[in-house]
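*Asks:* Dumping the structure here so I can ask a few things about it.
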Amino acid sequence: MKTRTALVTGATRGIGLAIARYFAAENIRLVLPWYDWPDDTKAVQNEFIQMGQGHLFFQADLRKKQDVHNLANFVQKKIGNLDILINNIERGGMPVIHGAYDKEVNREQWQLEIDTTLLAKKLLFDHFLPLLNKAEKATVINISSIAGLTGRSGPAGLIFNEGYAAANRGIETLTETWARIGAPNIRVNEIMLGLIDCRHGQKTRGWKTLTEEQKNQLVNHTLLARTGTSDEVAATVMFLVRDATYMTGTVIRMDGGYMLGGDKVPPMPEGIL
């Protein structure tokens, strides 16, 4: 891949960090906005600065219009265009950790889930659309969750809450709308994730809170009988950026078969003819 510039949100850990590493390995210059988790941020900055590829960092609350405006101005002045936007920002509270929304500790949780999962993505697309249009061929990838399909139901009802599910349900609408807006020079696609190790999987606090029976119910509901990895998500992102040149407005469901789990295919009956 020729040298291009990618903005990756949520790159201080987990999936975003894996995506950023994959891009850096392909000589793609990175813009990595950050907001909290200062220890993780410092470690990531040290890692990418040492690569000597001119990666950029910018502190911004991506839920705030002015902060996103300032980030876009920063990229405009430093680079002048944007080739890739990875919309990986979200914050979802697991019911097994947070409990009900009406608890005092959760009084801002619903709005946090809506603002990070939906509003921030829209602010980023709106403000970076002019810079994406300056690229020869640009790509936008929205990261979403099968919570938008399951809601708080079945085994996943322990880890997906209603606000998070409702917000993820709306991302497909954004993906399809933006694909129409960006055509023909900007491709917009979506990766809908199931249980990923660092997002609703083994490396999360919520997963560690589950009983062994509850964990088994989630895994057994997944056809591939395991959770996914950050590297597998990053590899799918690379496919969409590098290889899927005739794909836009598409949702790739990367859930290990969770949405097909739970029901078995019965033996073919003999019939009566």
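*Asks:* Does segment 29-42 hold any residues that are surrounded by fewer than 23 Cβ atoms within 10 Å (Cβ to Cβ), out of contact with any Ser or Thr (no Cβ under 7 Å at 6 or more places or on another chain) and at pLDDT 95 or above, and which are they?
*Replies:* First pass over segment 29-42, keeping only residues surrounded by fewer than 23 Cβ atoms within 10 Å (Cβ to Cβ): 29, 32, 34-42.
Okay, now just the ones that are also out of contact with any Ser or Thr (no Cβ under 7 Å at 6 or more places or on another chain), so 32, 35-36, 38-39, 42.
Within segment 29-42, 32 is the sole residue that qualifies.
*Asks:* Something else now. Hey, among 32, 7, which residue is among the hydrophobic types (A, V, I, L, M, F, W, C), within 25 Å of residue 168 (Cα to Cα) and in contact (Cβ under 8 Å) with a residue 40 or more places away in the chain? Walk me through it before giving the result.
*Replies:* Numbers: 32 fails: in contact (Cβ under 8 Å) with a residue 40 or more places away in the chain.
Step by step, each of 32, 7 is checked, and only 7 is among the hydrophobic types (A, V, I, L, M, F, W, C), within 25 Å of residue 168 (Cα to Cα) and in contact (Cβ under 8 Å) with a residue 40 or more places away in the chain.
*Asks:* Looking only at segment 226-273, count every residue that is within 15 Å of the chain's Cα centre (by Cα) and of a type in the set (D, E, K, R) and tell me the total.
*Replies:* Summing the residues that are within 15 Å of the chain's Cα centre (by Cα) and of a type in the set (D, E, K, R) in segment 226-273 gives 4.
*Asks:* I need the full set of residues from segment 69-94 which are of a type in the set (A, V, I, L, M) and touching a strand residue (DSSP E or B) at 6+ places or on another chain (Cβ under 9 Å), in order please. Walk me through how you get there before you give the answer.
*Replies:* First, pick out the residues of segment 69-94 that are of a type in the set (A, V, I, L, M): 71-72, 75, 79, 82, 84-86, 89, 94.
Of everything in segment 69-94, those that are of a type in the set (A, V, I, L, M) and touching a strand residue (DSSP E or B) at 6+ places or on another chain (Cβ under 9 Å) turn out to be 71, 75, 79, 82, 84, 85, 86, 89, 94.
*Asks:* Among the residues of segment 19-28, what is the count of those that are free of Cβ contacts under 8 Å to residues at least 60 places away in the same chain and either surrounded by 18 or more Cβ atoms within 10 Å (Cβ to Cβ) or more than 19 Å from residue 80 (Cα to Cα) (or both)?
*Replies:* From segment 19-28, those free of Cβ contacts under 8 Å to residues at least 60 places away in the same chain are 20, 24-25, 27-28; that's our starting set.
From what is left, the residues that are either surrounded by 18 or more Cβ atoms within 10 Å (Cβ to Cβ) or more than 19 Å from residue 80 (Cα to Cα) (or both) are 20, 24-25, 28.
Final tally of qualifying residues: 4.
*Asks:* Looking only at segment 224-265, which residues are loosely packed, with under 15 Cβ neighbours inside 10 Å and over 30 Å from residue 132 (Cβ atoms)?
*Replies:* 224, 225, 226, 257, 260, 262, 263, 264, 265
*Asks:* Something else now. Just to be sure, is residue 105 of a type in the set (A, V, I, L, M, F, W, C) and without any contact (Cβ under 8 Å) to a residue 40 or more places away in the chain?
*Replies:* On the way: of a type in the set (A, V, I, L, M, F, W, C): yes; without any contact (Cβ under 8 Å) to a residue 40 or more places away in the chain: yes.
So residue 105 fits the description; yes.
*Asks:* Is there any pair linking a residue in segment 112-126 that is closer than 16 Å to residue 101 by Cβ to one that is of a type in the set (Asp, Glu), with Cβ under 7 Å and at least six apart or on different chains, and which?
*Replies:* If the second residue must be of a type in the set (Asp, Glu), the pairs left are 116/90; 117/90.
*Asks:* Quick one: which helices (runs of 4 or more DSSP H) sit completely within segment 1-116 and have at least 2 residues that are under 20 Å from the mean Cα position of the chain (by Cα) and among the polar types (S, T, N, Q)?
*Replies:* On the way: elements: 14-25, 38-49, 65-78, 95-98, 109-114.
The qualifying helices (runs of 4 or more DSSP H) are 109-114.
*Asks:* While we're looking at this one, here's another question. Filter segment 163-180 down to the residues that are in contact (Cβ under 8 Å) with a residue 24 or more places away in the chain, of a type in the set (A, V, I, L, M, F, W, C) and either surrounded by 23 or more Cβ atoms within 10 Å (Cβ to Cβ) or not in a helix (DSSP H, G or I) (or both) and list them by number. Steps first, please.
*Replies:* Filtering segment 163-180 down to residues in contact (Cβ under 8 Å) with a residue 24 or more places away in the chain leaves 163-164, 166-168, 170-172, 174-176, 178-180.
If we keep only those that are of a type in the set (A, V, I, L, M, F, W, C) too, we end up with 166-167, 171, 174, 178-179.
Within segment 163-180, 167, 171, 178 meet the criteria.
*Asks:* Go through 137, 121 for me and flag whichever is under 14 Å from the mean Cα position of the chain (by Cα) and either closer than 17 Å to residue 175 by Cα or surrounded by fewer than 15 Cβ atoms within 10 Å (Cβ to Cβ) (or both). So that I can check it myself, show each step before the final result.
*Replies:* On the way: 137 fails: under 14 Å from the mean Cα position of the chain (by Cα).
After applying the criteria, what remains is 121.
*Asks:* State yes or no: is residue 61 touching a Lys or Arg at 6+ places or on another chain (Cβ under 7 Å) and either modelled with pLDDT of 95 or more or surrounded by 15 or more Cβ atoms within 10 Å (Cβ to Cβ) (or both)? Give the steps one after another, and end with the answer.
*Replies:* Numbers: touching a Lys or Arg at 6+ places or on another chain (Cβ under 7 Å): no; either modelled with pLDDT of 95 or more or surrounded by 15 or more Cβ atoms within 10 Å (Cβ to Cβ) (or both): yes.
No, not satisfied.
*Asks:* Another question, if that's okay. I need the full set of residues from segment 49-68 which are farther than 23 Å from residue 91 by Cβ and in contact (Cβ under 8 Å) with a residue 12 or more places away in the chain, in order please. Show your work before the answer.
*Replies:* Going residue by residue through segment 49-68, those that are farther than 23 Å from residue 91 by Cβ are 49-56.
Result: 51, 53, 54, 55, 56.
*Asks:* Ok, one more. Is one or more of the residues making up segment 181-197 touching a helix residue (DSSP H, G or I) at 6+ places or on another chain (Cβ under 9 Å), under 21 Å from residue 113 (Cα atoms), in contact (Cβ under 8 Å) with a residue 60 or more places away in the chain and in a loop (DSSP other than H, G, I, E, B)?
*Replies:* Checked segment 181-197: at least one residue is touching a helix residue (DSSP H, G or I) at 6+ places or on another chain (Cβ under 9 Å), under 21 Å from residue 113 (Cα atoms), in contact (Cβ under 8 Å) with a residue 60 or more places away in the chain and in a loop (DSSP other than H, G, I, E, B).
*Asks:* Further question: Residue 160 fails exactly one of the following numbered conditions: (1) assigned to a loop (DSSP other than H, G, I, E, B); (2) of a type outside the set (Ser, Thr, Tyr); (3) surrounded by fewer than 23 Cβ atoms within 10 Å (Cβ to Cβ). What is the number of that condition?
*Replies:* (3)
The values are calculated or read from the model by the stated rules, or taken from the named source; none is laboratory data. The model shown is predicted, which means the values in this text are computed figures rather than measured ones. As a convention, Cβ positions derive from the backbone with ideal geometry for all residues, glycine included, and neighbour counts pool all protein chains shown.
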